[in-house]
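The values are calculated or read from the model by the stated rules, or taken from the named source; none is laboratory data. Keep in mind it's a predicted model, so treat the numbers as computed, not measured. Cβ placement follows ideal geometry from the backbone for every residue including glycine, while neighbour counts extend to all protein chains displayed.
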Amino acid sequence: MRKVVVLGGGHSKFCFNSPKTEIEMLSEVAMDAIIESNLTPKDIQAINVGNVLGDFSEGQGMVQSFFANDIGCFGVPANRFEAACASGSIAIRDAFMWVASGYYDIVLVGGVERCTAMGTPLATRTFAMYGDSRYEYPAGFTFPAVFALLAHLYSDKYKIPLPRLKEMMAAVTVQSHEYGILNPNAQIQKLLTKEDVLKSFMVSTPLQLQDACPFSDGAAAIILASEEAAKKLTNKPVYIKGVGQASSGKLSSQYRFLPRIRARELAAEQAYKMAGLTPQDIDVCELHDCFSIASFIAAEGLGFFEYGKAGEAWERGETRLGGKIPINMSGGLKSKGHPVAATGVSQAYELSRQLRGQMADQGRQVDGAKYALQDTLGGDGVLVSIIYSNE
Amino acid sequence: MEYKLIFKDYNKSLKKDKLLGLKCNDCGTVTCPPMMVCHNCTSTNLEIVEMAGTGKIATFTTSYIGSEGREGELPITIVLVELDEGPWIFGNLIDIDHRTITMDIIGKRVKLGHKVFPGDKYSAGDAARPVFSFA
């Protein structure tokens, strides 16, 4: 297997009500990634695009092909990847395998979504398609409800009284917005207090509006290249050191592990093993904080904290800049925004820049970071871990 | 290879308040809702069994938001119930005041009924779901 390098990237500002189409958003960030990588569209040999809801938000399927044409990658093979919120991450993992195998030298990976064009009721309906449609949707399944069920289960299983857990969860939101305000691409650049979180609209008990990430529009792109091809293009290579992916069944079928997400643990084990690393080696992490409680479940499943202990770690500042494991220096899904299929590519964009030391100007650089971990959760089924390093 | 129990037949039965599952003849584990294989040992040596329809609440949430077309059902209390045969199932808790529910309901015994989701343009027909009330 060949070494694979992340070259340049592009990232739109995540937002409500984008005036641009999905193809336009994706084309702009892809051209930014191509230019930053010292390439031209003619150098791209294959394209992987994460896109989940274009069919519903714009009536646009097969966005990858029209996008390839728009950026002048005429005739280049392009595939669409769908794994709900992990779509961008499976697109990266597959591109990694293609380059590592020697089949291609340079692959463009993008992710794009325009959720807010659907309005909240249809967006909520379409997101719920990533739960089980026959056995769980009829009971009112939505993603806020899923993580609300897990929050109560977490409180019960780890014997943390609910009011105490709610305070810990609020600490996640407060931290996310403190870093998001430093990220020019973040959708919601506003500081929030614990009180702001605890007085916000009740969405699904115990989760309130400020426990949840927003609906978002946006796009991100990166270029993957073989080590040999990358040598001519960059003197600051960031390598993909390990990847992992695992699937789970419908939420109820995961009962032996909940509130743990077993597929995340399997995916992370694969990535750590491939990279020859342990959780203690990771210097910076972007994880899938679609809801405040999701951050605890993720950070524990990735091995950063003992089960039931992540909330205390957030409160102690262990997840902040300078802490034990800085998490979501981008502001995370909560503050940065969550344009579904763009999220995994956005995480990769963020972490590759952390590993090149490019975040100092924004005041959110993890000094001397060598190893970075990306965690993405798609629906309640597809979990992806990717580890990057600058050496 | 055909499924032992498909959604169509599961749904038809649940509409009569009969919850069907699959008992594994190799390891004894009960799988519910149905799958192609035993969810414990992956055997396909399964037989259809009627579940008792009783269990205890494992976790819950009361939702004040819902999908397009389902706003009229709000607020709705969603539960994961640990059935007496072992598996957990998604359903709703009924016959309660949604606004007064606390963590104390976790562990409470419940019994099964059903309610039909009539379906929408995306759902390929209707689907019964379990509704639970305190036993």
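General remarks:
- Restricted to the range A:80-105, and to residues there that are touching a helix residue (DSSP H, G or I) at 6+ places or on another chain (Cβ under 6 Å) and surrounded by fewer than 21 Cβ atoms within 10 Å (Cβ to Cβ), the residue that is farthest from A:Y388 (Cα to Cα) is A:R80.
- Subset of the range B:13-52 (residues that are basic (K, R) and away from every other protein chain (no Cβ under 13 Å)): B:K16, B:K18, B:K23
- Of the candidates A:A123, A:A128, A:A151, the single residue that is part of a helix (DSSP H, G or I), touching a Cys at 6+ places or on another chain (Cβ under 8 Å) and within 14 Å of another protein chain (Cβ to nearest Cβ) is A:A123.
- The set of residues from the range B:50-69 being touching a Ser or Thr at 6+ places or on another chain (Cβ under 9 Å), of a type outside the set (V, I, T) and buried (at least 21 other Cβ atoms within 10 Å of the Cβ) comprises B:F60, B:S63, B:G66, B:S67.
- No other residue among B:G55, B:G72, B:G91 is within 12 Å of chain A (Cβ to nearest Cβ) and touching an Asp or Glu at 6+ places or on another chain (Cβ under 6 Å) apart from B:G55.
- Residue identified as touching a residue at least 40 places away in the same chain (Cβ under 8 Å) and in contact with a Cys (Cβ under 6 Å, 6 or more places away or on another chain) among A:L355, A:L333: A:L333
- The set of residues in the range A:259-308 that are surrounded by fewer than 22 Cβ atoms within 10 Å (Cβ to Cβ), assigned to a loop (DSSP other than H, G, I, E, B) and without any contact (Cβ under 8 Å) to a residue 60 or more places away in the chain comprises A:R260, A:G276, A:T278, A:G303, A:F305, A:E306.
- Against the numbered list (1) under 20 Å from A:Q270 (Cα atoms); (2) within 9 Å of the chain's Cα centre (by Cα), A:A342 comes up short only at (1).
- Within the range B:113-131, tally of residues that are within 15 Å of the chain's Cα centre (by Cα) and either surrounded by 15 or more Cβ atoms within 10 Å (Cβ to Cβ) or modelled with pLDDT under 95 (or both): 9
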